[in-house]
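Everything on this sheet refers to the single structure shown next.
The values are calculated or read from the model by the stated rules, or taken from the named source; none is laboratory data. All values derive from a computational prediction rather than experimental measurement. Cβ sites come from the backbone with ideal geometry, for glycine too, and all protein chains shown count toward neighbours.
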Amino acid sequence: MDKHRKALLVVFLTVFIDLVGFGIIIPLSPYLARKFGADALQVGLLMSIYSLMQFIFAPFWGSLSDRVGRRPIILLSLLGAALSHLLFAFGAHLPVLFVARALAGFFGGNISTAMAYVADVTASKDRSKGMGLIGAAFGLGFILGPFIGGISGYLGLELGEQPPLGESFPALVAAFICFSNFVLAYFVLAESLRPSQRDDLVARRHSRLLAVFKLYQRPVLGTVMLVYFLTIFAMANMEVSLFLYVREKFNWSLIEASWGFAYVGVIIAFVQGYLIRKLLPMWGERKLIFLGIPFFAFGLGLIGWSDSIILLAIAVTVLGLGSGLASPALTGAISQLCSETEQGIVMGANQSLAAMARIVGPALGGWLYRDLGWSSPFFVGGVFALFALALILPKLSAVPNAGKTHR
């Protein structure tokens, strides 16, 4: 195995293990919030607070990783995630849950830094495949994480009822997993940023702060980043409502909701870990974006019509397929639209934009669910996805297509 493949494997494992812990927390949050008396809007705000802090600090972590290297930032974020999950596990009141999720968001710079890590060790033509590997880590983490969360939730109820036992126990397991990941990464994760690159970035750090605000003004890059924002916003708008819906419509327990969430992870992992690696060389980023976003929009809308488990399963399958195709193609294109010395700050800025979508999306979804009915967040998300498609189509020919190698 060459050193680039080994580096990709290590960062994949790092992100995967971290996402296992994160995958435990996502389905757990709405259930614990409801247990402590939160309404749908407050549940949405609990999901939003993480992203608010990530939005504020993601560019800082991205820029800092350009100066001090990727490795220390990834390590710090993993340790911070472990501490935040630990606080979440011991939280016995709704305000404590908010503080824990805010702390997790503050340390949430590992994904954008991991994307910059991938950009450091891949050629332009392999960039979208590398981003797909990060997506596969997401998918696999969201398979194993909710599965572990379901089992540990059952175990926690057997051990007791008060935090950190009962339904809070999965957060304690997540904290242990993230701390173990920190220890593993400390010993096996090498630095990807060459000293010559770092010296150049440090020399230009003052001008690069201004570059964050100029990224969105570049014609093609700005459009692709906006489209990425809209797809993330549509997904975030839907997620809170989906957990509330299966809990209240089908009377799903935390265990059943966690395993349902794991199914979505199976779809995403299959698409981004296998299917996209077959389709990208034949079709390139442009066709994957062109096909992925309509599938994504249709899946969102179909959830809004779902009044049975079978129809809901079909809807989330279509949604997972569309998201799995479009997301790595969009992030790969964004990476190709900037220079090598901009990777950290561009990925940090893009993650910040995605975090903004996850700030507004859950809050809007919770409000729509509470005041306008359970189906409204899914229809609204579908409309935003279609708007993203309308924005990208006129500029699709200018989107980099470096992943297409079969002519």
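So here's what we get for this one:
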item: Among (1) closer than 26 Å to A257 by Cβ; (2) out of contact with any helix residue (DSSP H, G or I) (no Cβ under 7 Å at 6 or more places or on another chain), the one test that G284 misses; result: (1)
item: Entirely in region 184-256, the helices (runs of 4 or more DSSP H) that have 1 or more residues that are at pLDDT 90 or above and under 22 Å from V118 (Cβ atoms); result: 219-248
item: Those helices (runs of 4 or more DSSP H) lying entirely in region 27-139 with at least 2 residues touching a His at 6+ places or on another chain (Cβ under 9 Å); result: 94-106
item: Condition met for D39 (surrounded by fewer than 20 Cβ atoms within 10 Å (Cβ to Cβ), of a type in the set (D, E), modelled with pLDDT under 85 and at negative phi); result: no
item: Any hit, region 283-299, residues being assigned to a helix (DSSP H, G or I), more than 22 Å from the chain's Cα centre (by Cα) and among the aliphatic types (A, V, I, L, M); result: no
item: Every residue from region 322-350 that is assigned to a helix (DSSP H, G or I), aliphatic (A, V, I, L, M) and farther than 16 Å from I293 by Cβ; result: I345, V346, M347, A349
item: Tally, over region 1-36, of residues that are buried (at least 17 other Cβ atoms within 10 Å of the Cβ) and free of Cβ contacts under 8 Å to residues at least 60 places away in the same chain; result: 0
item: Which listed residue is surrounded by 24 or more Cβ atoms within 10 Å (Cβ to Cβ) and either assigned to a helix (DSSP H, G or I) or at negative phi (or both), from L319, L353, L302, L311; result: L319
item: Residue count for region 323-341, restricted to those that are buried (at least 19 other Cβ atoms within 10 Å of the Cβ) and without any contact (Cβ under 8 Å) to a residue 40 or more places away in the chain; result: 0
item: Condition met for G23 (in contact with a Phe, Trp or Tyr (Cβ under 8 Å, 6 or more places away or on another chain), within 24 Å of S180 (Cβ to Cβ) and not hydrophobic (A, V, I, L, M, F, W, C)); result: yes
item: Qualifying residue in region 100-123 (condition: acidic (D, E) and surrounded by 24 or more Cβ atoms within 10 Å (Cβ to Cβ)); result: no
item: Of the criteria (1) modelled with pLDDT under 90; (2) within 18 Å of F243 (Cα to Cα); (3) buried (at least 24 other Cβ atoms within 10 Å of the Cβ), which one G344 fails; result: (2)
item: Every pair of residues 6+ apart whose Cβ atoms lie under 8 Å, when the first sits in region 372-391 and is over 15 Å from T223 (Cβ atoms) while the second is among the basic types (K, R); result: W374/K249
item: Region 35-60, residues that are over 20 Å from A236 (Cβ atoms) and under 21 Å from the mean Cα position of the chain (by Cα); result: F60
item: Which listed residue is at positive phi, crowded, with 18+ Cβ neighbours inside 10 Å, in contact (Cβ under 8 Å) with a residue 12 or more places away in the chain and in contact with a helix residue (DSSP H, G or I) (Cβ under 9 Å, 6 or more places away or on another chain), from G69, G62; result: G69
item: Out of F88, F147, F169, sole residue that is surrounded by fewer than 21 Cβ atoms within 10 Å (Cβ to Cβ) and of a type outside the set (G, A, S); result: F147
item: Yes/no for F290 being out of contact with any Phe, Trp or Tyr (no Cβ under 7 Å at 6 or more places or on another chain), within 26 Å of L337 (Cα to Cα) and surrounded by fewer than 20 Cβ atoms within 10 Å (Cβ to Cβ); result: yes
item: Every residue from region 42-56 that is among the aromatic types (F, W, Y) and buried (at least 24 other Cβ atoms within 10 Å of the Cβ); result: Y50
